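A short write-up of the structure that comes next.
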Amino acid sequence: MTSDPLLALRPWEAPEVTSWGRLPMNAVDRRSGALPLDGDWNFQLLPAPDAPVGGPWSTAYVPGVWTMQSIQGADDLPQYTNIRMPYAEFPPLSPVYRNPTGVYERTVDIPAEWTGRRIVLQVGAAESVLLVQVDGRPVGLSKDSHLAADFDLTPFVRPGERATVRLTVVKWSDASHIEDQDQWWHGGITRSVLLYATDPLYLADVTVRAAYSGELRVDCRVRDAGGALPAGWYVTGELDGRLLAQDAEFDRANVEDERVSDFLGEVRLHTTVADVRTWNAETPELYGLSVRLHRADATVADTSYHRIGFRDVEIVGRNLLVNGERVFIRGVNRHDFHPLTGRTVSYDDMRADLVLLKRFGFNAIRTAHYPNDPGLYDLADELGFYVVDEADIEAHDHAHEIADDPRYLNAFVDRVSRMVLRDKNHPSVIIWSLGNESDYGANHDAAAGWVRRHDPTRPIQYEGAAKLDWAATDDASDIACPMYAPLEDCVAHALSGEQTRPLVQCEYSHAMGNSNGTLADHWAAIESTPGLQGGFIWEFWDHGILQDVNDGRPVGRGGAGLYDNGVAAPGLRWAYGGDFGETIHDGAFIADGVVFPDRTPKPAMYEHREIAAPVRIECFRHEGIVLGNHQHFRGLDWLAGEWELSLADGDTLTAPARLPDLRPGETAVVPLPFEVPREGGEAWLTLRVTTSRDEAWAPRGTVVCLPQVRLREAAPVPASPENRSVEVDADGLLVHPLLTAAPTLSLWRAPTDNDELGGMALRWRTWGLDSLVRKTVSVREDDGRVTVVAEYAGTLGVVRHRQVLTPVEGGVRIDEEAELSAEFDDVARVGSVFETVAGLDLLEWFGQGPWESYPDRSAGAPVGHHSVPVDELFTPYLRPQESGGRHGVRRFTLSAPDATGLTVALDEPRQVSVTRYRAEDLTSVTHHDRLEPRAGCVVHLDAAHRGLGTASCGPDTFPSYLVAPGVHRWSWTLRTL
């Protein structure tokens, strides 16, 4: 048995015990000058925390989770659950005989020059209980899988000598019941481990208050390892070369109030910066602050450096204000995630995350559902993001029981307070969150009380407190932050006269698979309704883990370069729940991000980019184009523009654009850059807006948005009938040399995740829409024109379909009509489907694009001339489903390299998809590695196509985007090139 006496207390089943021997959290960064202990550690995986350590040692990499590493003897793999705990034991218990416990051990050479100094071990994060030993002696323990734990090793080590450090990590514990987040379960040491040293006299904490007015207050706490503070110590500060004065009034008040201590020193530095450059997400201005602790002889004992921003956050009425301005929160929920390392992310990973988000118009992050890696907040300060910092509390499976359980009281307050103490000096953090999906109880109120006393400069939010009564003011949330609230309910609440606080949805628009429908509708309502201020899309990542199909294990750290554009290399796939042999799991619900696991943007990202456009075309008037600045703080000088005129019957013309000098909220009329021909087809004017100079998040020339306006509507172009016949087979199906399957009626799509989880797919299958049986009723020819009537029978009834095939110049016009009885009140689509011969590998079209779009997600796809290879049209959502559609297509051409092929002209803008897969191909497999692309193209032309919505978790699409019963008519012309 292990010699650690802490194990006899079974601390992994004692929620009252949150730590032992752990130092208080603070905002002093000790990474500079530290001794890193990352790398290979000796490792054993035990079946339970009280199992004996013995047998051969393997090697594990730190930081990293053992569930993602190929470690000999370690067979514990990732497991995904959303709400359910992965085991049956009730809080605070954990499995007795199957509780994987990792034992990490390595020797450390303590630098001889640290003699006489205070020596501290910092473990960046460990999931879920950490026990520390040095040379077999117990040092301490810590809980909270997402915050660092520091331990004073001075009594346990000797400078100049070698010490053996053992870190024991218990996977399941009482803490697991409040870390029940929607993510993969892992185990291990997920952030860096380091050893640092300080003078016995050291800065215990630094608290920065930098106001919009330019006033700066720096509160310092000083301690000495020997106990009593030595005489004569003092603190100085410097802000970008400006010396800070010690606040004599603060010192005098402390003496008068008898707040002076023999072992805790408190000092306040103070200054006011004239003409201060303030911080906000658009112009994130930062200053460098140095704080120095001096001994009586003026030598420096300790130093702390901070990058700070001057800004205010307040709530006035029902408005959340930053620097006095009501800002829109264009947010996303973000986990610490990587497809090769699980919970461990590098600084470069995080920077890439935030740069991508910035380029697509996001300005806010909710750290779902725990404090993220410390580097993320540095980057948010620098790049400009508003951060909702969320404590590591989610008791989803046992929320009601735990919210008022006094045994967990200390854990709630501990986790919230340590987050605040760590992150309080970051200007990017504008709101503290008490956690997620943990009901609401006394434990939340206790944590909120601590925060309000310690940091009155920021509001608090907690969805569980505010979801039942958005107008209440006596709970733990200063913000109404509902989750997936129907838009009509939000608007009604804002217009009710009862709203008392800002409404910012903590989660909305669930990005699972082909999703994020009605995003533009949401933002149209948000921007036009006082009281609504935005929200956070769920979520940033698809949490697919790169998996070797042959052995079923994660590929791990060596898998870089084995994926591209969202697609894994042959023999690999993106694993989701159940793919690692779990019996308790929640499937592909883990794949609900706006980017693929390799950070490739999904089409919904382009939708968001346009919705968040900083400069927009308000309207087109006879005197010119009205442009508006939709930012909160910034002018347009950082942007450049180019006009593009797309003519349906011609090419795309370009001209330079000079953006007007507009302050936020202002508009101006600019001259029309082109003389549009009086006659012809549609004409669309696009303003291609790019960065005019290098930004921290984008090089010069990066596209920021593509606002567009139609200058001329389409004119009907009649097709001239020809005196010849149309060839059909015995069933009245069109015979064409480039088609391998003739056009037939389609009412079915490969269900999206929203369709499946929202219940629509089940209803469609019950109706038999996935297996309609066609029966020819009549075939009649009249002067070369063929009229075909057919019936498509399912279990619900029969849909009558009529085709009229008319020979026209160069091809055939197909006029179609389908009649849906009232029972078919919500189908996936009504349209035609046909298949082509092989070799037609390029799609060119005039319509919306170039990326995927659908009826309720098309605002980000400008109308124009587009060209994409057929194999690149399909979007590889982790679970195969309907994808690759393009909305508003007017005409398209499918061609081979020798320029042969076919062209289709539609009677009006329609939904079109061209892929290598039939709907049944997509529904028959669970992963893309099982898909076999067809040689030809599968083409859908839809008279009506159902919106996407977000019904996998949240509201469905709006009624206006449903396919209604009744008569649907559409017409298209097929010609050979």
Item to complete: Over all directions, average the projected area of the Cα convex hull of the range 5-198 and note it in nm².
Response: 10.7 nm²
Worksheet entry | Within the chain, helix-based [θ] at 222 nm, where runs of 4 or more DSSP H residues each add -39,500 (n - 2.57), nearest 500 | -3500 deg cm²/dmol
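Treat every Asp and Glu Cβ in the range 787-866 as -1 and every Lys and Arg Cβ as +1, leave all other atoms uncharged, and give the resulting dipole magnitude about the Cα centre to the nearest 20 debye.
Working: 5 positive and 14 negative charges, 20 e Å.
Value, rounded to 20: 100 debye.
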Worksheet item: What net charge do the residues around ILE460 carry, taking every other residue with its C-beta under 12 Å from that of ILE460, with Lys and Arg at +1 and Asp and Glu at -1?
Response: -3
Worksheet item: Can you list the residues of the range 660-700 with backbone N under 19 Å from a point 7 Å past the Cα of GLU642, pointing along Cα to Cβ?
Response: 660, 673-675, 684-695, 698-700
Practice prompt. Report, largest value first, the span of the C-alpha coordinates of the chain along each principal axis, in whole Å.
Written response: 109, 69, 53
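Using Stokes-Einstein with the Kirkwood hydrodynamic radius over Cα pairs, what translational diffusion coefficient do you get for the range 743-809 at 25 °C and a viscosity of 0.890 mPa s, in µm²/s rounded to a whole number?
Diffusion coefficient, whole number: 179 µm²/s.
Count neighbours as other Cβ atoms within 10 Å of each site's Cβ, and list the GluC sites (Glu not before Pro) in the range 567-671 that are DSSP loop with at most 14 such neighbours. Display every interim value, and only then the final one.
On the way: sites: GLU582, GLU607, GLU610, GLU618, GLU623, GLU642, GLU644, GLU666; in loops: GLU582, GLU623, GLU666.
Those satisfying the criteria are GLU623, GLU666.
In what order do LYS775, LYS143, LYS358, LYS602 fall by count of nearby beta-carbon atoms within 10 Å, going from fewest to most?
Going from sparsest to densest Cβ surroundings: LYS775, LYS358, LYS602, LYS143.
For TRP57 and PHE250 in the same chain, what is the full-extension length gain: residue separation times 0.36 nm, less their Cα-Cα distance, in nm?
Numbers: separation 193, 0.36 × 193 = 69.48 nm, distance 5.63 nm.
Taking TRP57 through PHE250 to full extension adds about 63.8 nm, to one decimal.
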Worksheet item: Under 15 Å from a point 7 Å along the Cα-to-Cβ line of ASN565: which residues of the range 847-869 have their amide N that close?
Response: 850-852, 867-869
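Under a Cβ-only charge scheme (Lys and Arg +1, Asp and Glu -1), can you give me the dipole magnitude of the range 739-976 about the Cα centre, in debye to the nearest 20?
Working: 24 positive and 33 negative charges, 35 e Å.
Around 180 debye, computed over the range 739-976.
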Item to complete: Quick one: go through the range 193-209 and flag any residue whose amide nitrogen is under 12 Å from the point 7 Å out along the Cα-to-Cβ line of TRP233.
Response: 199-205
Discussion item. Going Cα to Cα from LYS171, which lysines come in below 27 Å? Please leave out same-chain ones fewer than 8 positions away.
Written reply: LYS143
Worksheet item: Of the chymotrypsin sites (Phe, Trp or Tyr not before Pro) in the range 237-313, which ones lie in a loop per DSSP and count no more than 15 other C-beta atoms within 10 Å?
Response: PHE263
Fill in: the range 648-778 pair-distance distribution - Cα-Cα, 5 Å bins, rounded %
2, 6, 9, 10, 8, 8, 10, 12, 12, 10, 7, 4, 2, 0
Worksheet item: Hey, what's the Cα Rg ratio for the range 183-235 versus the globular rule of thumb, 2.2 N^0.38 Å?
Response: 1.81
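Hey, what does the equivalent ellipsoid look like for the range 338-420, semi-axes from the Cα gyration tensor as sqrt of 5 times each eigenvalue, largest first, whole Å? The partial results should precede the final answer.
Working: eigenvalues 169, 38, 29 Å².
Equivalent ellipsoid semi-axes, largest first: 29, 14, 12 Å.
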Item to complete: Estimate the FRET efficiency between ALA793 and ASP826 by the formula 1/(1 + (r/R0)^6), using the beta-carbon distance for r and 22 Å for R0, to the nearest 0.05.
Response: 0.70
Discussion item. Quick check: pseudo-label points 7 Å beyond the Cα along Cα→Cβ at THR272 and PHE674, how many nm apart are they?
Written reply: 5.6 nm
Worksheet, complete the sentence: Taking Rh as the Kirkwood radius computed over alpha-carbon pairs of the range 701-742 and applying Stokes-Einstein at 20 °C with viscosity 1.002 mPa s, one gets a diffusion coefficient in µm² s⁻¹ of 136 µm²/s
Discussion item. With equal scatterers on the alpha carbons only and no solvent term, can you work out the Debye log10 of I(q)/I(0) for the range 739-976 at 0.10, 0.11, 0.13, 0.14 1/Å?
Written reply: -0.45, -0.55, -0.78, -0.92
Response to the item:
Rh (Kirkwood, all Cα-Cα pairs) for the range 213-308, Å, reads 14.7 Å
Discussion item. Need one number: nm distance between label points at ALA112 and SER867, each 7 Å from Cα along Cα→Cβ, rounded to one decimal.
Written reply: 7.2 nm
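Within 10 Å of each residue's Cβ, count the other Cβ atoms and sort ASP439, ASP825, ASP542, ASP373 from fewest upward. Mind showing how you got there, number by number?
Working: ASP439 17, ASP825 13, ASP542 28, ASP373 24.
Ranked by crowding around the Cβ, least crowded first: ASP825, ASP439, ASP373, ASP542.
Using the Cα centre as the reference, give the magnitude of the dipole from point charges on the C-beta atoms of the chain (Lys, Arg: +1; Asp, Glu: -1; all else neutral), rounded to the nearest 20 debye.
On the way: 90 positive and 143 negative charges, 230 e Å.
Around 1100 debye, computed over the chain.
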Worksheet item: Which lysines have a Cα lying under 18 Å from the Cα of LYS358, excluding residues fewer than 8 positions away in the same chain?
Response: LYS602
Fill in: Residue order, fewest to most beta carbons within 10 Å, for THR583, THR457
THR583, THR457
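Grab the Cα-Cα distance for GLU527 and ASP469, subtract it from 0.36 nm times how many residues apart they are, and report the gain in nm with one decimal.
Values: separation 58, 0.36 × 58 = 20.88 nm, distance 2.30 nm.
Net length gain for the segment: 18.6 nm.
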Practice prompt. With label points built 7 Å along Cα→Cβ from the Cα atoms of THR702 and PHE90, find their separation and express it in nm.
Written response: 5.2 nm
Practice prompt. Once you have the Cα-Cα distance between HIS400 and SER496, take 0.36 nm times their residue separation minus that, and quote the gain in nm to one decimal.
Written response: 31.5 nm
Response to the item:
Listed by chain and number, the residues whose amide H is under 5 Å from that of ARG634, excluding neighbours fewer than 5 places away on the same chain and using placed H, are none
Worksheet item: Under the Karplus relation 6.51 cos²θ - 1.76 cosθ + 1.60, θ = phi - 60°, what is the ordered set of whole-Hz ³J(HN,Hα) values for the range 689-703, x standing for Gly and Pro?
Response: 9, 10, 6, 8, 8, 5, 10, 4, 10, 6, x, 4, x, 5, 5
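Taken together, the values in this text are just the output of simple stated rules run on the coordinates, not laboratory data. Note that this is a predicted model, so its numbers are computed, not measured. Reconstructed Cβ throughout: ideal geometry from the backbone, glycine too, with neighbour counts over all protein chains shown.
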